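Input: a single structure, listed below in structure tokens.
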Amino acid sequence: MSLEFITNPSLSERTSLKLGGNAEVEVIVREKQDLDELGDFLMTETLRPFVIGEGTNLLAPDGQLDLALIRVATPPGPQRVEKINDALIVRCGASQRLSGLLGWAQMAGLSGLEGLTGIPGSVGGSVAMNAGSYGTEMSNLVTRIRLWSPGQGLIWLDHDQCDFGYRHFAPKQGIGKCLVWQVELKLTESNPKAVRKAMQDNYNKKKATQPVTARSAGCVFKNPEGQSAGILLDQAGMKGVRLGGVGFSDIHANFLVNLDNGTSADALVLIEQGREAVKEKFDITLDTEVIIL
């Protein structure tokens, strides 16, 4: 099988915010054999490459963008790899949706992922952002990651060969730009009913405090150390503030939502307004968590 190329792909159709213009091309990789061809493409292409995943943490500008979107479409199915005492090593492809992995783990009675309930996106994207919620981060669960780069091809890295931080992941060894191909996670054998209850409880809490069904890219800003960006934005008067068709959620001030055919231009202005409001009131500069292409 060879690479699939889609010309002029719409970012508004590929992101959870439903905003943005068009990239020049999207390249879909399905098999290991396609990676050599992808390397050749990247060596000769002048466009900016970006691995898009499920597009749940992205804000793409309006207009035509000099981007080559890379989409990994590996067969995702989670599989049991090895049992160590009461722990089970599970392997899945980067394109596996995180919600699908949680559903599989629940039915299999495997615990560890419950805190990630309600987080959208793919497993690969969750690793790349070290996604986390309710005290659980992907870094707590990852044992190995299989990465691909044009210079080194496919390599496995153990957890201690990776640098994890708050919404951050990078290989410690310098391998340049890379993409996540597969992930191995350490889960614990449990009871399917207990796992389901914990997941449902976490989802109910999240639904009560976050706009989980809205067109959103999740949290706009990272939490400053020891503080909540959402609370800072709320106290700075940004909750519910709207510009054009986008606005800060009236449920959680750190969520930017596309309310009514918004534009990326309005979203970018509103993000800066939020940053400036917090800076003026608290003398704290917020860093964006959402990736702005």
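The values are calculated or read from the model by the stated rules, or taken from the named source; none is laboratory data. Note that the structure is a prediction, hence the values are computed from the model and not measured. Here the Cβ is made from the backbone with ideal geometry for all residues, glycine too, and neighbour counts use every protein chain on show.
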Filtering the range 3-60 down to residues that are among the aromatic types (Phe, Trp, Tyr) and closer than 28 Å to residue 288 by Cβ yields 50
Report the residue count in the range 89-109 for those that are part of a strand (DSSP E or B) and either touching a Phe, Trp or Tyr at 6+ places or on another chain (Cβ under 8 Å) or surrounded by fewer than 21 Cβ atoms within 10 Å (Cβ to Cβ) (or both). 4
Quick count over the range 65-86, residues being touching a Gly at 6+ places or on another chain (Cβ under 9 Å) and over 15 Å from residue 50 (Cα atoms), is 5
For the range 145-174, the count of residues that are modelled with pLDDT under 95 and among the basic types (Lys, Arg) equals 2
Extreme residue, surrounded by the most Cβ atoms within 10 Å (Cβ to Cβ), among residues of the range 150-171 that are farther than 29 Å from residue 117 by Cβ and in contact with a Leu (Cβ under 8 Å, 6 or more places away or on another chain): 150
Checking residue 267 against (1) buried (at least 18 other Cβ atoms within 10 Å of the Cβ); (2) touching a residue at least 60 places away in the same chain (Cβ under 8 Å); (3) closer than 21 Å to residue 53 by Cα, only one condition comes out false. Which one? (3)
Take residues that are in contact with a strand residue (DSSP E or B) (Cβ under 7 Å, 6 or more places away or on another chain) and farther than 30 Å from residue 229 by Cα and tell me which of the strands (runs of 3 or more DSSP E) falling wholly in the range 151-193 contain 2 or more. 153-158, 179-189
Hey, residue 32 on the phi < 0 side of the Ramachandran plot, without any contact (Cβ under 8 Å) to a residue 12 or more places away in the chain and surrounded by fewer than 18 Cβ atoms within 10 Å (Cβ to Cβ) or not: no
Got at least one residue in the range 66-80 being exposed (fewer than 14 other Cβ atoms within 10 Å of the Cβ) and farther than 25 Å from residue 148 by Cβ? no
Quickly run through the range 115-155 and pick out the residues that are among the hydroxyl-bearing types (Ser, Thr, Tyr) and under 8 Å from the mean Cα position of the chain (by Cα). 122, 126
Pairs, first free of Cβ contacts under 8 Å to residues at least 40 places away in the same chain and exposed (fewer than 15 other Cβ atoms within 10 Å of the Cβ) in the range 1-29, second in a loop (DSSP other than H, G, I, E, B) and of a type outside the set (D, E, K, R), C-beta under 8 Å, six or more apart: 1/33
Per the filter on the range 270-293, residues of a type outside the set (A, V, I, L, M, F, W, C), free of Cβ contacts under 8 Å to residues at least 60 places away in the same chain and surrounded by fewer than 22 Cβ atoms within 10 Å (Cβ to Cβ) are 272, 273, 275, 276, 279, 280, 281, 283, 285
Counted residues, the range 201-228 - those being under 20 Å from residue 136 (Cβ atoms) and free of Cβ contacts under 8 Å to residues at least 60 places away in the same chain: 8
Subset of the range 205-242 (residues that are assigned to a strand (DSSP E or B) and buried (at least 16 other Cβ atoms within 10 Å of the Cβ)): 216, 217, 218, 219, 221
Can you confirm whether residue 115 is more than 22 Å from residue 152 (Cα to Cα), in contact with a Phe, Trp or Tyr (Cβ under 9 Å, 6 or more places away or on another chain) and assigned to a loop (DSSP other than H, G, I, E, B)? no
